[in-house]
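What follows is a set of notes on a single structure, which appears directly below.
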Amino acid sequence: MESITFNLPAPTLDALKEISERDKISVAQILRAAIVKEVHRRKPEELVAT
């Protein structure tokens, strides 16, 4: 599995931590789900690596 690093503004990270604690899931799981959702939403031609 590849590794990705995110630089998030503090308010965004704080919101993710609150959601994580509320829903009993990790911030990594939230980000992974958001990425998968975005990839599935896009058309194949939009997913070309740059």
Please name all residue pairs, on different chains or six or more residues apart, with Cβ atoms under 7 Å, provided the first residue is in the range 27-40 and is assigned to a helix (DSSP H, G or I) and the second residue is of a type in the set (A, V, I, L, M, F, W, C). V27/L16; I30/L16; I30/I19; L31/F6; V39/L47
Looking only at the range 1-14, count how many residues are modelled with pLDDT of 85 or more and more than 13 Å from the chain's Cα centre (by Cα). 4
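The values are calculated or read from the model by the stated rules, or taken from the named source; none is laboratory data. Predicted model only: the values in this text are computed from it and were never measured. Ideal geometry is used to build each Cβ from the backbone, glycine not excepted, and the neighbour counts take in all protein chains shown.
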